[in-house]
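The values are calculated or read from the model by the stated rules, or taken from the named source; none is laboratory data. Being a predicted model, the structure only gives us computed values, none of them experimental. Because the Cβ atoms are built from the backbone with ideal geometry, glycine has one as well, and the counts that use them run over all protein chains shown. Ligands, DNA and RNA are excluded from the accessible area calculation, which covers all protein heavy atoms including side chains. Shrake-Rupley method; radii C 1.70, N 1.55, O 1.52, S 1.80 Å.
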There are 2 protein chains.
Amino acid sequence: MRAEDFDEVRRLPLFRSMRPASFQAVMQGTYAQRFPPRLDLFRQGQGADFLHVVLEGSVELFADWQGASTTMAVVRPVGTFILAACIRDLPYLMSARTLEQTRILLVPAPGIRAVFREDAEFAVSIVEELAEAFRSMARHAKNLKLRNSRERIAGYLLEQSELAGRADRFVLQVEKRLVASYLGMTAENFSRALRSLAMDGVELKGQTVTITDRAALVRACPNDMLIDGPNPDATGGGLTLPRPALPRERRRKGRPGQG
Amino acid sequence: MRAEDFDEVRRLPLFRSMRPASFQAVMQGTYAQRFPPRLDLFRQGQGADFLHVVLEGSVELFADWQGASTTMAVVRPVGTFILAACIRDLPYLMSARTLEQTRILLVPAPGIRAVFREDAEFAVSIVEELAEAFRSMARHAKNLKLRNSRERIAGYLLEQSELAGRADRFVLQVEKRLVASYLGMTAENFSRALRSLAMDGVELKGQTVTITDRAALVRACPNDMLIDGPNPDATGGGLTLPRPALPRERRRKGRPGQG
DNA sequence: CGGATGGTTGATAGCAATCAAGCACAGTGG
DNA sequence: CCACTGTGCTTGATTGCTATCAACCATCCG
């Protein structure tokens, strides 16, 4: 591993608070590698050999079953993936491929597990990373189960706007077909539903999205901190009031969920 | 906290490998409590004060948004919940209620966070628990995105059969409406789809399910270790072969997913 | 200029939600 | 003992959202 990589990695949130000796130990066998676009990194079901850290570029995590395939997440710098599989030394639940040219740090899983026991600060970093991954996946599931496709798209656009610094105009970071899959719908339906959001203050031109009426868009999908993510100091909603204990749980029209 | 509770708790997977002094520290302010059926334990959005450990009974974790509600998980002894929220000291993403009379251990979150740094064995237990929670949620999301309702039900039945020791006859552990919600469909649809599985080797009588033709049921939903869970020494499938890189990703008929 | 890929649009089918009863069962109270 | 009532479950009719199938367009690229 190159010296400049070494320094860069040392500054990553996951590694910055650990003791120098621990860092050295974890770095044994660790290397950074550059991958071309659209390269399969690993398949679901494989054994977990390396913790992956995205340094540059982006990686798609996806899953498939019986010929169907779905995008589970897109990881960008400085995100990690398959931490859980490494910790438990179990097969990956997802497959991974690069979306663009991507530089990835590959940290041997055994080293992680060993140093975890010896360096409390590293353990804290690991567990916080993992906790955030859990919460992210829980939000993903909630999003799928509690919202219909139109709402999911509206929510996604609002979230992207937040990530772009609450900008009213931003460019989609990934191709639409991938967003569609991530949001749990077909590309065709995504296209249609996205267009239909013109009524709700969304303007489209290629990959560029312009929010012309934020209030209307929020009306189409009231944002909720507990689904859309923490987005610091969100003025919008984040409301989650205790509901008034209805006689028999009432269901909102338009969504499955339960009774 | 009673002495016999103390001993019982000490033997739990989460606490059994930690040092005595650490255990003492974590137990400060910890208490076991018995709750009546159908009692709300907390609401999503609340601050994470206690790690919860189910000692007896069962707890439903659910989430709601804009009047819609969905079951995210059912926790049984000796499972924990909201570990991630405790670790990160963030609001719960889900609400919780008891399903039956339930005894729960309430462990103050600050103690967890403090002792985590001091006792490596405890840290390992925590992180393994959390990793498993992540994987469970990831499987839940995969299940929702890659299978249609019929398949999800068939998969659920096969899983329940495994949990009952690969029994061909077993009793549903929770009411059907709740299973339906967990599987992401309405109670009505669950009822219909369940009945339609008679064609696939499933017999029904009240809460009792009899699998008369396991092969047929597996055909209705090929089980996959990476969705249905680890179910030790499963003979069935668990196959997840590298697909042969089709010219343009083909989609199976009947499921959303992506392209 | 093909050819491949991503995106869009239209027509159609189908799965799943909604609305509305009706049934079964348990607990309660007369 | 038996209405009475609440709850869970089922069934039927209907609506409608979403997938599927099939073109077609735009862009990029060798």
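Remarks
- Subset of region A:129-143 (residues that are closer than 15 Å to A:P222 by Cα and touching a Lys or Arg at 6+ places or on another chain (Cβ under 8 Å)): A:N143
Residues checked against (1) within 16 Å of DNA strand C (Cβ to nearest atom); (2) at pLDDT 95 or above:
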position: A:M199; (1), (2): yes, no
position: A:K205; (1), (2): yes, no
position: A:T212; (1), (2): no, yes
position: A:A216; (1), (2): no, yes
position: A:L241; (1), (2): no, no
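- Put simply, of A:R38, A:R43 the only residue that is at the interface with chain B (Cβ under 9 Å from one of its Cβ atoms) and under 21 Å from the mean Cα position of the chain (by Cα) is A:R43.
- Residue list for region A:101-143, restricted to those being more than 16 Å from DNA strand D (Cβ to nearest atom) and of a type in the set (S, T, N, Q): A:T102, A:S125, A:S136
- Selection from region B:43-60 of residues that are surrounded by fewer than 22 Cβ atoms within 10 Å (Cβ to Cβ), over 22 Å from A:E128 (Cα atoms) and aliphatic (A, V, I, L, M): B:V54, B:L55
- Positions within region A:65-83 being within 16 Å of DNA strand C (Cβ to nearest atom) and either closer than 13 Å to A:T98 by Cα or crowded, with 18+ Cβ neighbours inside 10 Å (or both), in sequence order: A:W65, A:A68, A:S69, A:T70, A:T71, A:V74
- The number of residues in region A:144-175 that are more than 16 Å from the chain's Cα centre (by Cα) and within 13 Å of DNA strand D (Cβ to nearest atom) comes to 8.
- A residue that is of a type in the set (G, A, S), more than 7 Å from every other protein chain (Cβ to nearest Cβ) and closer than 23 Å to A:A123 by Cβ occurs somewhere in region B:114-127.
- Residues that are more than 19 Å from A:I211 (Cβ to Cβ) and touching a Leu at 6+ places or on another chain (Cβ under 8 Å), drawn from region A:179-201: A:G184
- Residues that are hydrophobic (A, V, I, L, M, F, W, C) and touching a residue at least 12 places away in the same chain (Cβ under 8 Å), drawn from region A:138-161: A:L144, A:L146, A:I153, A:A154, A:L157, A:L158
- Sole exception among (1) open to solvent by less than 20 Å² (accessible area, probe 1.4 Å); (2) within 14 Å of chain B (Cβ to nearest Cβ); (3) in contact (Cβ under 8 Å) with a residue 60 or more places away in the chain for A:V107, by number: (2)
- Here the condition is being closer than 28 Å to B:V124 by Cα, under 14 Å from the mean Cα position of the chain (by Cα) and within 11 Å of chain B (Cβ to nearest Cβ); of A:A73, A:A84, it holds for A:A73 alone.
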